[in-house]
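**Q** The structure is given below, and queries will be raised subsequently.
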Amino acid sequence: MLNIHHLELFYYVAKHQGVSAAARNMPYGIQQPAISGQILALEDYLGGPLFQRRPFSLTPAGEELYTFIKPFFDGLKGVEEKVRGGATQVVRLAAATIILRDHLPAMLQTLRSKFPKLKMVLREGVQPQIEKWLADLEVDLAVTVLDGTPPLGVQSEPLLEVPVILLVPKTLKIASVEELLKRDRIEHTLISPPLNETITKNFHDYLARRGVVWPPGMEVNSLELVETYAASGFGIGLTLAIPGKPLDKRLRALVVEGVKPITVAVLRHPSLPPVALALIEEMRKRAKSLVAA
């Protein structure tokens, strides 16, 4: 007889179009090599390949098998909800470290009183990663920088605007951004997020308009690391003036007036369960309190 576990793994591979994507979306932990090995066992049992690996596509046999098993595995969540006596309150959220660490816990405390069965699946990432996870349906909603039009099928709601700043060690005698950028050559290392992030792109567009060349000397994947390395004397950090976030005493913050403020927004899929909508409402309240402060 067919191994039901093998069929389940094949269902996720077919649904998410690849073994790597299936591993990220399984409801329990399983590594990519284990999935590959068990899919090969299923193919050996059935006598032929079920999909082409690169680029991904189901074979005729794979199409027939997926069509047969899909209704069963698609319906498992509904059966689970009925057996539990109500909707499973799962929210898959992606955000930057600062959101997950400094703001989300308080919001979840409020949410748990209304949704006692709440279960969170959290992903920490930077803007390009987060947008891809949303586009690939790997998360339900996210808090990230809004850069133009969101991915296809994703809705956006601005929460607040945040100024772009430079973090300058107090040991450096720099009183203003203007003074720094008027220099013939900026000898200090620029510590910044990756070049594909909106904050960095916007800053370098501003520098180009002014005819200033200041390439990043150190790229880090979080604003926390920007501050850490600037405070440790490795250079000048490019970051955002996050409301309510205390600044390291070794640094001074200089607002870059010529760069448009960054919009932080909720990005979400159109159809969300009540628990996810309630979380978005908590995010609105949190944003308003930060602006008011």
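Every number here is computed from the coordinates shown, using simple stated rules; none is lab data. Every value quoted in this text rests on a predicted model; they were computed, and no experiment measured them. Please note: Cβ atoms are built from the backbone with ideal geometry, for glycine as well, and neighbour counts cover all protein chains shown.
**Q** In nm, what is the difference between 0.36 nm times the number of residues separating Asp136 and Ala34 and their Cα-Cα distance?
**A** Computed gain between Asp136 and Ala34 is 34.5 nm.
**Q** Roughly how far apart, in whole Å, are the Cα centres of the stretch 103-136 and the stretch 219-293?
**A** 16
**Q** Give, in nm to one decimal, the length gained when the segment between Leu76 and Lys15 is fully stretched (0.36 nm per residue of separation minus the Cα-Cα distance).
**A** Details: separation 61, 0.36 × 61 = 21.96 nm, distance 1.46 nm.
Gain in length upon complete extension: 20.5 nm.
**Q** Which angle between 0 and 90 degrees, to the nearest 10, do you get for helix 60-74 versus the longest principal axis of the chain when only C-alpha atoms count?
**A** Taking the Cα atoms of the chain, the angle to 60-74 is about 80 degrees.
**Q** Between Met1 and Leu272, take the C-beta separation as r, use R0 = 30 Å, and let me know the FRET efficiency to the nearest 0.05. Working shown, then result.
**A** On the way: r = 39 Å, r/R0 = 1.29.
Rounded to the nearest 0.05, the efficiency is 0.20.
**Q** If you don't mind, another one. From the square roots a ≥ b ≥ c of the eigenvalues of the alpha-carbon gyration tensor of the stretch 164-260, which class results: rounded (a/c under 1.5), prolate (a/b over b/c), or oblate? Walk me through the numbers before you get to the answer.
**A** Numbers: a/c = 1.41, a/b = 1.17, b/c = 1.21.
The shape class here is rounded.
**Q** What pairs in Lys170/Lys288; Lys170/Lys285; Lys170/Lys260; Lys182/Lys245; Lys15/Lys114; Lys173/Lys260 have C-alpha atoms more than 28 Å from each other? Write out the running numbers ahead of the final one.
**A** On the way: Lys170/Lys288 32 Å; Lys170/Lys285 35 Å; Lys170/Lys260 25 Å; Lys182/Lys245 30 Å; Lys15/Lys114 33 Å; Lys173/Lys260 26 Å.
In this structure, Lys170/Lys288; Lys170/Lys285; Lys182/Lys245; Lys15/Lys114 exceed 28 Å between Cα atoms.
**Q** Which residue, chosen from His16, Ser289, Ala230, occupies the Cα position most advanced towards the positive end of the dipole of the chain, where the dipole is computed from +1 (Lys, Arg) and -1 (Asp, Glu) charges on Cβ about the Cα centre?
**A** The one lying farthest along the dipole's positive direction is Ser289.
**Q** Work out the length of the dipole vector of the stretch 29-180 about its Cα centre, built from +1 on the beta-carbon of each Lys and Arg and -1 on the beta-carbon of each Asp and Glu, and round it to the nearest 20 debye.
**A** Numbers: 16 positive and 18 negative charges, 133 e Å.
In total the dipole reaches around 640 debye.
**Q** Suppose every Lys and Arg Cβ carries +1 and every Asp and Glu Cβ carries -1, with no other charges. What dipole size does the chain come out with about its Cα centre, to the nearest 20 debye?
**A** On the way: 34 positive and 30 negative charges, 183 e Å.
The calculation lands at about 880 debye.
**Q** Let me ask something additional. Indicate the gyration tensor shape class of the chain (rounded, prolate or oblate), computed on the Cα atoms with a ≥ b ≥ c the square roots of the eigenvalues: a/c under 1.5 is rounded; otherwise a/b larger than b/c is prolate and the rest oblate.
**A** Prolate, because a/c is 1.5 or more and a/b exceeds b/c.
**Q** For a test of the definition: using alpha carbon positions, the gyration tensor, and the 1.5 limit on a/c, classify the stretch 253-293 as rounded, prolate or oblate.
**A** oblate
**Q** Further question on the same structure: Using Cα atoms only, what is the angle between the long axis of helix 104-114 and the major principal axis of the chain, expressed in degrees (0 to 90) to the nearest 10?
**A** 50
**Q** Moving on to the next point. If r is the Cβ-Cβ distance from Lys173 to Arg284 and R0 is 51 Å, what FRET efficiency results, to the nearest 0.05?
**A** 0.75
**Q** Please list, ordered by chain and number, the residues whose modelled amide H lies under 5 Å from the amide H of Arg92; skip anything fewer than 5 residues away on the same chain.
**A** Amide H neighbours of Arg92: Val121, Asp140, Leu141.
**Q** Related question: Restricting attention to the stretch 137-225, which trypsin sites (Lys or Arg not before Pro) occupy a DSSP loop and are surrounded by at most 11 other Cβ atoms within 10 Å?
**A** Listed in order of number, the matching sites are Lys173, Lys182, Arg185.
**Q** Can you compute the charge dipole magnitude of the stretch 164-260 about its Cα centre, using +1 on each Lys and Arg Cβ and -1 on each Asp and Glu Cβ, nothing else charged? Give it in debye, rounded to the nearest 20.
**A** Details: 13 positive and 11 negative charges, 54 e Å.
Dipole magnitude for the stretch 164-260 comes out near 260 debye.
**Q** Quick one: work out the % antiparallel among DSSP beta bridges in the chain, nearest 5.
**A** Of all bridge pairs located within the chain, approximately 60 percent are antiparallel.
**Q** Could you pull out every residue, at least 5 positions away or on a different chain, whose amide H is within less than 5 Å of the one on Val220? Hs are placed 1.01 Å off N in the peptide plane, and Pro or chain starts have none.
**A** Ser192
**Q** Follow-up question, since we're still on this one. Could you tell me which residue out of Ser192, Leu40, Phe51 lies farthest along the dipole of the chain toward its positive end? Charges go on the beta carbon: Lys and Arg +1, Asp and Glu -1, centred on the Cα centre.
**A** Ser192
**Q** Also, I was wondering about something else. Per-residue ellipticity at 222 nm for the chain, helices alone: DSSP H runs ≥ 4 residues times -39500 (n - 2.57), over residue total, nearest 500 deg cm²/dmol?
**A** Helices in the chain give a 222 nm mean residue ellipticity of -13000 deg cm²/dmol.
**Q** Still on this structure: Projected onto the charge dipole of the stretch 164-260 (+1 at Lys/Arg Cβ, -1 at Asp/Glu Cβ, origin at the Cα centre), which of Leu240, Leu180, Gly217 gives the Cα projection farthest towards the positive end?
**A** Sorting the options by dipole projection puts first Leu180.
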